[in-house]
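The values are calculated or read from the model by the stated rules, or taken from the named source; none is laboratory data. Computed from a predicted model, the values in this text were never measured in an experiment. Counting neighbours? That spans all protein chains shown, and the Cβs are built from the backbone with ideal geometry, glycine included. Side chains included, ligands, DNA and RNA excluded: accessible areas come from the protein's heavy atoms. Shrake-Rupley method; radii C 1.70, N 1.55, O 1.52, S 1.80 Å.
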Amino acid sequence: MRGPLRTIQMTAVAMLLAGPQTVAAQRDFSDVRVTPHHVAGTVYYLEGAGGHVVVSAGDDGVVMIDDQFAPLTDRLIAAIRTITSEEIRFLVNTHVHGDHTGGNENIGRLGIPIMARDRVRVRLMASSPVLALPIVTFTDDISLHMNGEDIDVITLPPGHTDGDSYIYFRGSDVIAAGDVFRTVAFPVIDTNNGGTLDGTIDALGMLIGLAGPDTRIVPGHGVVSSREDVMEFRDMVLAVKARVADMVARGMTYEQVAAARPTAAYEAKWGDPERFLTAVYAELGGGS
Ligand SMILES: [Zn+2]
């Protein structure tokens, strides 16, 4: 591995080692407002800071997907109370990141069972108190049967991280995609938490296969989207992969690849490609 790429990766490692608590502690959440939005059927999402919280609300109670940052728990619950007075029955984590699991300790203290893939629990154990840990873990798909519909928790190949899940609210026809699909940036492939490029591509293909033409897809960050939006995102990833693979095959360094701007056509829509490009280059064997 050549110098500059190593430097980029070391910086990423240092940022991740700082941990979610540190990131949350440095941020000021006092001005954050949590806004609920109805998506379809029983499903709402809560917009605050960090990853969107997705909620199913009905006669059987509330299923909550992700919980942003610890200072926002009270505001998230207050937003849920504007939708329903029913009990919060379960929390499901889509993946380990601190902007999706930062409220876990507060939720655990309320006695609400937290559910996630075993990899999420293993990774949280390194940095989190016991109350923040999922107490129900799974290695394969599971389903909840509440509020008149099947709520399928679908396990994914290692993509954004190695503990990603989609949550498909079948009756409402809404999928919570976590951070595998985001509308605001290039894919984040968190290799330090087991993420991979090919897993991201496979998981996006699964999302396209699961969704119908009218399915509403709530990304981890960004706007509610359609299957066509996911196709556009997946096709972008495939195109960048093909271009970078060709450059790696020609022996180009990371600096040469970045200078050739294989993401140029997409930067107006998805922004700064550096972190994505670094992960793609490394996974395709560049610099080794
Ligand atoms: Zn994430």
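A simple rule links phi to the HN-Hα coupling: the Karplus curve 6.51 cos²θ - 1.76 cosθ + 1.60 with θ = phi - 60°, which for region 263-269 gives 9, 3, 5, 10, 6, 5, 8 Hz, with x for Gly and Pro.
Rounded to the nearest 20, the Cβ-based charge dipole of the chain about its Cα centre (Lys and Arg +1, Asp and Glu -1) stands at 800 debye. Ranking THR82, THR183 from most to least accessible surface, computed with a 1.4 Å probe over the protein chains only, gives THR82, THR183. Other residues lying with their Cβ under 15 Å from the Cβ of VAL136 contribute a combined charge of +1, Lys and Arg counting +1, Asp and Glu -1.
I need the shape label for region 91-223. Rule: rounded when a/c is under 1.5, else prolate if a/b > b/c, else oblate, with a, b, c from the alpha carbon gyration tensor. Write out the running numbers ahead of the final one.
Details: a/c = 1.77, a/b = 1.18, b/c = 1.50.
It is oblate, given that a/c is not under 1.5 and a/b is not larger than b/c.
In the chain, the C-alpha radius of gyration followed by the widest Cα-Cα span (Dmax) gives 18.9, 61 angstrom.
Karplus-based coupling profile of region 92-106, in residue order and whole Hz: 10, 8, 6, 5, 7, 4, x, 7, 10, 10, x, x, 4, 4, 4, with θ = phi - 60° in 6.51 cos²θ - 1.76 cosθ + 1.60 and x standing for Gly or Pro.
Give the relative contact order (percent, whole number) for region 61-196; include only Cα pairs under 8 Å separated by 6+ residues. Can you show the working numbers first?
Details: 268 pairs, mean separation 25.8, N = 136.
The normalised contact order for region 61-196 reaches 19 percent.
Each residue was assigned an accessible area with a 1.4 Å probe, and for ASP74 the value is about 130 Å². Residues considered: VAL188, VAL92, VAL136. Largest GNM mean-square fluctuation over the chain, using C-alpha springs under 10 Å, is found at VAL136.
At 222 nm, what value in deg cm²/dmol follows for the chain if DSSP H runs of at least 4 each add -39500 (n - 2.57) and the sum is divided by all its residues, to the nearest 500?
Values: 11 runs with 108 residues, N = 288.
Helix contribution divided over all residues of the chain: -11000 deg cm²/dmol.
Taking other residues whose beta carbon is less than 12 angstrom from the beta carbon of THR215, and scoring Lys, Arg as +1 and Asp, Glu as -1, yields -1.
Once you mark the trypsin sites (Lys or Arg not before Pro) that are in a DSSP loop and have at most 10 other Cβ atoms within 10 Å, what is the longest gap between them in the chain?
Looking at the chain, 34-249 is the longest stretch - no exposed trypsin sites (Lys or Arg not before Pro) with at most 10 other Cβ atoms within 10 Å.
Given R0 = 22 Å, the distance between the Cβ atoms of ASN192 and GLN26 translates into a calculated FRET efficiency of 0.70. Rolling a 1.4 Å probe over the protein heavy atoms gives the chain an accessible area of 42 Å² per residue.
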